[in-house]
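The numbers here are math on the coordinates, done by the rules we state, and not lab data. Please read all numbers here as calculations on a predicted model, not as lab measurements. Cβ placement follows ideal geometry from the backbone for every residue including glycine, while neighbour counts extend to all protein chains displayed.
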Amino acid sequence: MLAGALKSQNDHAGALAEDQAALTIAAQLAEKHPANADWQFHLAVHHNDVGVELADQGDLPAALKEYRAGLAGFAELTAKDSGNAIWQGELAACHINTAETLSKQGDSAGALDKFRGAADILTELVKRDPSNTHWRERLAEGHHSIGEILQGKGDLAGAVKEYQAELAVRTELAAKDPGNVDWQHALQFAHNRLGGILENQGDFAGALVEFRAALDSGEELTKKDATNLFWQRELSVCHGSVEDALKDQGELTGAVKEYQADVAIMSAVAEKDLANDGWQHDLAEAHNGLGNVLVAQGGLADALKEYQASLAITDQLAGTDPANISSFAHRLVGDALRQQSKFAEALKEFQAELASAENVAAEDPSNTDRQQELALSHNRIGLMLREQDDLSGALTEFRANLEIDTSLAAKKPDDKDSQLNLAISHQLVGEVLQSQHDLAGAAKEFRAELAVRTKLAANEPASDNRQLDLSVSHNRIGRVLQEQGDRMGALEEFRTELAISAGLASKDPSNSSWQRKVAIDDGWIGGVLQEQGDLRGALKEYQAELES
């Protein structure tokens, strides 16, 4: 009792000292009276109590030692009297404590074994006394813990079975006492958990059933206390799960309805506490989600309104805390405006995105993710300027992108994505230079691109995409050389391109796209031969083009 009082006062050192003193006394009494089951029971209980205090203080190895001593004591007692429900309950509790400690130490296999041991005991106890809600709750928690470990191991089927078992227990508890909001809330989470893993398995219909059930539970909770903002927030999350499941199944109209409900709830919640950045951010995300579905439906004007609402929130958050960046919101608004051909307005948003990305990247220049976002911002502006024939402006942005991608690729030479980004950056710069008739500069960039793509293809020899990229890279160089009058060099590049394309086509004769590319490649070779005056050779290539 003194240990509990000390613990309630946050005097953990004092509580541990009291628990250890009690353990010492219990050990002495148990040693003097080995046949006295009560003393043996108290000894096991005190081992468990000391373990709990040690675990709370972060000394997991010492805690585990105490739990195991407690387990041994409870196991010995229950072996003598398996019908003693109190002893069985304590044994289950000690299994759970041991499992949680093993899990924290990274021993998932050991934790799984102990959680299963606890679940087996609790299952039997519940059969003996179905009215004992404490045991039912612990059993539900046990199934949940087992499910989490199995899910982490990739055993989704096993995890589903455990989450279904948890849900069954929590459903019974909630039905037993509809007024118990803790049980109703736990049921809501159980439905969401099961829905989430079913969604990961691709069972969208099954996931939707669970998400709707969670939504129903959430609505019942908010009816009991409409002022509980935490429950309102959870209800918003449930709408989010339903909307995602509907979107995955292509039911966009239903998804829009759920997103609208999500926005309405989060608007009311966020308005209650304007200083709560988390809720403001959630509201912004809800607006973005609604905007995305509206875009998928073709409702660009309505989507733009949602994106702009999100942007207004994130801009305000960024004004109060620079950590709350608004670059993503500017990008979404820019994309929506661009799709509506409002290029000047879209460019303004992309430039605002770039300014935000520059500020964030400057705060931590070593953060490669932030540098990559900055590169992508330059890239987006460059692509848009190129579409508007502002080649000079596009080149400036693409070169800024290339500078960042070059640095990132040097830092991560074995990272496929970084190398691929570098190849694309060289390609974009080269294409603009070619359009500006700077053929020497274009050739230099395309050769740099080719070097990267050659390496990527060598690292992934079985990848058809890498081979296709490599062949097109040869084509780009060939066209520049042809334009420069270097027909021999162009012919060499086009023939290398054809060899790669022919290899792909031979692997899959039914692939019409690859067969068509072989024909196009023959045409390029034929064109160069014709320019060289080799009309017979050109005719042969043109005939091959027609036959492909």
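The long axis of helix 343-363 is offset from the longest Cα principal axis of the chain by roughly 60 degrees. With contacts taken as Cα pairs under 8 Å and at least 6 residues apart, the chain reaches a relative contact order of 4 percent. Secondary-structure-derived ellipticity at 222 nm for the chain, considering helices only, amounts to -29000 deg cm²/dmol, per-run term -39500 (n - 2.57) for DSSP H runs with n ≥ 4. Past the 23 Å Cα-Cα mark, which pairs from Lys153/Lys416; Lys114/Lys153; Lys114/Lys161; Lys247/Lys272; Lys161/Lys257; Lys257/Lys305? From the list (Lys153/Lys416; Lys114/Lys153; Lys114/Lys161; Lys247/Lys272; Lys161/Lys257; Lys257/Lys305), the Cα-Cα distance tops 23 Å for Lys153/Lys416; Lys247/Lys272; Lys161/Lys257. Once each of the trypsin sites (Lys or Arg not before Pro) sitting in a DSSP loop with at most 16 other beta-carbon atoms within 10 Å is removed, the chain keeps 343-548 as its longest stretch.
Tell me the angle of helix 252-272 to the major Cα principal axis of the chain, expressed in degrees between 0 and 90 and rounded to the nearest ten. Result, in degrees: 60.
Cross-link reach is defined here as a Cα-Cα straight distance under 24 Å, omitting same-chain residues fewer than 8 places apart; for Lys517 the lysines meeting it are Lys455, Lys507, Lys540.
By the count of other C-beta atoms within 10 Å, a proxy for reagent exposure, Met266, Met384 are ordered fewest to most as Met384, Met266.
Of interest is the spacing of the C-alpha centroids, which for region 281-297 and region 510-528 amounts to 43 Å. With the simple model of a label 7 Å out from the Cα in the direction of the Cβ, Glu358 to Asp56 spans 5.4 nm. Going through (1) 32.2; (2) 33.9; (3) 28.9, the figure that equals mean projected area of the Cα convex hull in nm² as computed for the structure here is (2).
Would you tally the net charge around Leu150, using a Cβ to Cβ cut-off of less than 13 Å, leaving Leu150 out, and scoring K and R as +1, D and E as -1? Here the count lands on -1. Would you mind classifying region 49-202 by shape? Square roots of the alpha carbon gyration tensor eigenvalues, ordered a ≥ b ≥ c; an a/c under 1.5 is rounded, otherwise it is prolate if a/b is larger than b/c and oblate if not. Oblate, since a/c reaches 1.5 and b/c is not below a/b. Placing dummy labels 7 Å off each Cα toward the beta-carbon, the span from Gln260 to Ala175 is 3.5 nm. When a/c reaches 1.5 or more, the comparison of a/b and b/c decides; with that in mind, is region 246-295 rounded, prolate or oblate per its Cα gyration tensor? Prolate, since a/c reaches 1.5 and a/b exceeds b/c. Calculated FRET efficiency, Ala410 to Ala462, Cβ-Cβ distance, R0 = 25 Å: about 0.40 to the nearest 0.05. For a straight C-alpha distance cut-off of 15 angstrom, the aspartates and glutamates reachable from Lys224 (same-chain residues fewer than eight places away being disregarded) are Asp177, Asp182, Asp216, Glu234. What angle do you read, to the nearest 10 degrees and between 0 and 90, between the alpha-carbon axis of helix 327-339 and the longest principal axis of the chain? With both axes taken from Cα atoms, the answer is about 50 degrees. Each residue of region 200-210 was assigned a 3J(HN,Hα) from its phi angle through the Karplus expression (A = 6.51, B = -1.76, C = 1.60, θ = phi - 60°), giving 5, 7, x, 8, 5, 5, x, 4, 4, 4, 5 Hz with x at Gly and Pro. In order along region 498-511, the phi-based Karplus estimate (6.51 cos²θ - 1.76 cosθ + 1.60, θ = phi - 60°) of 3J(HN,Hα) comes to 4, 4, 5, 5, 5, x, 5, 5, 5, 6, 9, x, 7, 7 Hz; Gly and Pro are listed as x. Extension gain, Ala451-Asn367: 0.36 nm per intervening residue step, less the Cα-Cα distance, totals 27.6 nm. Phi angles across region 21-33 convert, under the Karplus curve 6.51 cos²θ - 1.76 cosθ + 1.60 with θ = phi - 60°, into 3J(HN,Hα) values of 5, 5, 5, 4, 5, 4, 5, 5, 5, 5, 5, 6, 10 Hz, Gly and Pro given as x. Indicate the gyration tensor shape class of region 12-92 (rounded, prolate or oblate), computed on the Cα atoms with a ≥ b ≥ c the square roots of the eigenvalues: a/c under 1.5 is rounded; otherwise a/b larger than b/c is prolate and the rest oblate. Verdict is oblate for region 12-92.
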